[in-house]
Amino acid sequence: MQTLEAVNAIVNTIKNNIEKIGRQLRIIEVCGTHTVSIYRNGFHTLFKGYIDFISGPGCPVCVTHEGYIDNLIELAKMNYTIYTFGDLLKVPGKNMSLAEAKAEGAKIKIMYSPVDAVENISADEEAIIAAVGFETTVPAFALSLEKVLEKDLKNVKFACELKTIDQPLKVLLKDHIKVDGLILPGHVATILGVDGFKFVEEFKLPSVISGFEKYDILFSLLSLTQSILNNDFTVKNEYKRVVKKEGNTVAKRYIERFFERTDAYFRGLGLIEGGGLRLKSEYSAFSVQLKYEYESLFNSACRCTDVLTGKLKPFECPLFEKVCTPQTPKGACMVSQEGSCNAYFRYGKWK
Ligand code: SF4
């Protein structure tokens, strides 16, 4: 537990650092969990005028194409049972969400983990597991496939929309956004390690791997502002209690055993070479082929694409709060608990 004096001292040092730098900093938090922590703890108001926090593309639900939802609904209509994490349920597809399809009788079940889902799939159902997430979640899907193989199940497939964090970050930093520094996702770093983010140094941008508690964020901002002040581009690790230099080697081996890189669509960034993971060819019998038009999303009135690339704050979207709320979401950034629109709605003193 930090004393109030100690906390004030850290806050003042961060502000002093920024005053020495001489401008308001644009800092991107790559991960949606950080977005929520920043707004829930009021850091956007505490550092108002000092730091402009920008949300990145690290919320897996937010970057998923609506066509993926349509694919799952079509598969459900073909009598497959879809197993999905609950946060995907309310994401709008072209005509409806999975929740609405479920209300109309489609066989859609919520899973708490893909391993549990495999345990619970009955012999008489043809099951499809919706595999969505970044490297943090991929090992769980690898474990579930291992279980499918052990049990010799022939009635389980995976609809893979899995993402990697490095490629979209490279595209974002190269083509879309100018920032002074990055708060890097602690849970992805748990798997990939500090080594997995060394590529950020090539962009000559200071960065810090951070945990998610308020003190984690404060110490990370302290570290990051010091790095910016010193032009230090080394990736710093302020989540040492969890993140190792080399990451989780067992989990990485699991990922490599079952998955390989593929191109993947990211809302806001488009199709990114090597931005996703698919099952290796020897496991293709367990993979569902997905089809959708990448461009179809861009006609939507929802401005998630701009929010996810730091061009627009959620409250600048004309639909925000008026039409689009967590109860009536018009886009994935409002659906997901980790979405920036949802975080702004719940915690943001945005005006
Ligand atoms: Fe999309 Fe709603 Fe966010 Fe606007 S407020 S960008 S409609 S999710």
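I want to check the label-to-label distance for T328 and F315. Put each point 7 Å from Cα in the C-beta direction and report it in nm to one decimal.
Distance between the two pseudo-spin positions: 2.1 nm.
Give, in nm to one decimal, the length gained when the segment between V7 and K94 is fully stretched (0.36 nm per residue of separation minus the Cα-Cα distance).
My answer for the length gained is 26.6 nm.
Quick one: work out the % antiparallel among DSSP beta bridges in the chain, nearest 5.
Working: 9 of 39 bridges.
Approximately 25 percent, going by the DSSP bridge assignments.
Is any helix in the chain, taking whole DSSP H runs, at least 20 angstrom long along its axis by alpha carbon and on average at least 0.5 on the Kyte-Doolittle scale, and which ones? Please list the in-between numbers first.
On the way: long enough: 4-21 (26 Å, 0.24); 214-229 (22 Å, 0.97).
Qualifying helices, which must be both long enough and hydrophobic enough, are 214-229.
Would you mind calculating the gained length between E126 and K174 on full extension (0.36 nm times residue separation, minus the Cα-Cα distance), in nm to one decimal?
13.0 nm
Please give the residues of region 300-338, grouped as numeric ranges, whose backbone N is less than 15 Å from a label point set 7 Å along the Cα-to-Cβ vector of R40.
Output list for this probe position: 336-338.
Roughly how many Å² is the accessible area per residue of the chain, as a whole number, for a 1.4 Å probe?
On a per-residue basis, 44 Å².
Which peptide among 182-188, 127-133 comes first, and what is the full order, when sorted by highest mean count of other Cβ atoms within 10 Å?
182-188, 127-133
What percentage of the solvent-accessible surface of the chain, computed with a 1.4 Å probe over protein heavy atoms, is contributed by carbon and sulfur atoms?
Accessible surface attributable to carbon and sulfur in the chain totals 50 percent.
Evaluate E = 1/(1 + (r/R0)^6) for L149 and L271, where r is the Cβ-Cβ distance and R0 equals 30 Å; express this FRET efficiency to the nearest 0.05.
0.45
Calculate, in nm to one decimal, what Q289 and K244 gain on full extension: separation in residues at 0.36 nm each, minus their alpha carbon distance. All intermediate terms of the calculation are to be shown ahead of the outcome.
Details: separation 45, 0.36 × 45 = 16.20 nm, distance 3.58 nm.
Extending this stretch completely gives an extra 12.6 nm.
The values are calculated or read from the model by the stated rules, or taken from the named source; none is laboratory data. Not measured: the values here are computed from a predicted model. Here Cβ is always computed from backbone atoms with ideal geometry, including for glycine, and neighbour counts include all displayed protein chains. When the accessible area is computed, the model is the full protein with side chains, heavy atoms only, and any ligands, DNA or RNA have been set aside. Shrake-Rupley method; radii C 1.70, N 1.55, O 1.52, S 1.80 Å.
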